[in-house]
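**Q** I have a structure here, written as structure tokens, and I will follow up with some questions on it.
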Amino acid sequence: MLRLLPRILVLLLAFPLVAAAESSEAANAPRPEVQVFKSPTCGCCTKWEKHLEARGFQIQSSHVEDLTRIKRWYGVPADSAACHTAIVDGYVIEGHVP
């Protein structure tokens, strides 16, 4: 048992380093493109886009006069509608999702 103790200690001490390296790799992994449909007059949408860009996302922004049509096209329920709609890898994101 005493001969195993140093190996166990090495594994226990190395685990946080491996976990940190893996989480660092995930943080640096390429992010998908985010297609944002928004009103031309909305300022908070632009701030949300800057938030995403700061975290490595590529943004394709489209000013749309009729957001309701876009929301219907992507199946956003009327009671969940926000000031912008984003598409990420086929997923619909409605509103400000960090």
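The values are calculated or read from the model by the stated rules, or taken from the named source; none is laboratory data. Just so it is clear, the structure is predicted and the values come from calculations on it, not from any experiment. Every residue, glycine among them, receives a Cβ derived from its backbone with ideal geometry; neighbour counts consider all protein chains shown. These accessible areas exclude ligands, DNA and RNA; they are computed on the full protein's heavy atoms, side chains included. Shrake-Rupley method; radii C 1.70, N 1.55, O 1.52, S 1.80 Å.
**Q** Mind listing which trypsin sites (Lys or Arg not before Pro) in the stretch 53-98 are in a DSSP loop and have 16 or fewer other Cβ atoms within 10 Å? Kindly include the intermediate steps, with their values, before the conclusion.
**A** Details: sites: ARG55, ARG69, LYS71, ARG72; in loops: ARG55.
Sites meeting the loop and neighbour criteria: ARG55.
**Q** Further, regarding this structure: When ligands, DNA and RNA are left out and all protein chains stay put, how many square angstrom of accessible area per residue does the stretch 40-98 have with a 1.4 Å probe?
**A** Numbers: 4040 Å² over 59 residues.
That works out to 68 Å² per residue.
**Q** State, to one decimal in nm², a quarter of the convex hull surface area for the C-alpha atoms of the stretch 42-82, i.e. the direction-averaged projected area. Spell out each step's value before the answer.
**A** Numbers: hull surface 13.7 nm².
In nm², the orientation-averaged hull projection of the stretch 42-82 is 3.4.
**Q** Here's something else I'd like to know. How much net charge surrounds ALA54 when only the other residues with a Cβ under 14 Å from the Cβ of ALA54 are counted, with Lys and Arg +1 and Asp and Glu -1?
**A** Values: positive: ARG31, LYS47, LYS50, ARG55; negative: GLU49, GLU53.
Net local charge, ALA54 excluded: +2.
**Q** Sticking with the crude label model, points 7 Å out along Cα→Cβ, report the distance from ARG55 to VAL88 in nm, one decimal please.
**A** In this crude spin-label approximation the distance works out to 0.6 nm.
**Q** May I pose another question? Just subtract the alpha-carbon distance of ARG31 and GLU65 from 0.36 nm times their residue separation and send over the number in nm, one decimal. Write down the numbers at each step before the final one.
**A** Details: separation 34, 0.36 × 34 = 12.24 nm, distance 2.80 nm.
Full extension from ARG31 to GLU65 adds 9.4 nm.
**Q** Would you tally the net charge around ALA78, using a Cβ to Cβ cut-off of less than 12 Å, leaving ALA78 out, and scoring K and R as +1, D and E as -1?
**A** 0
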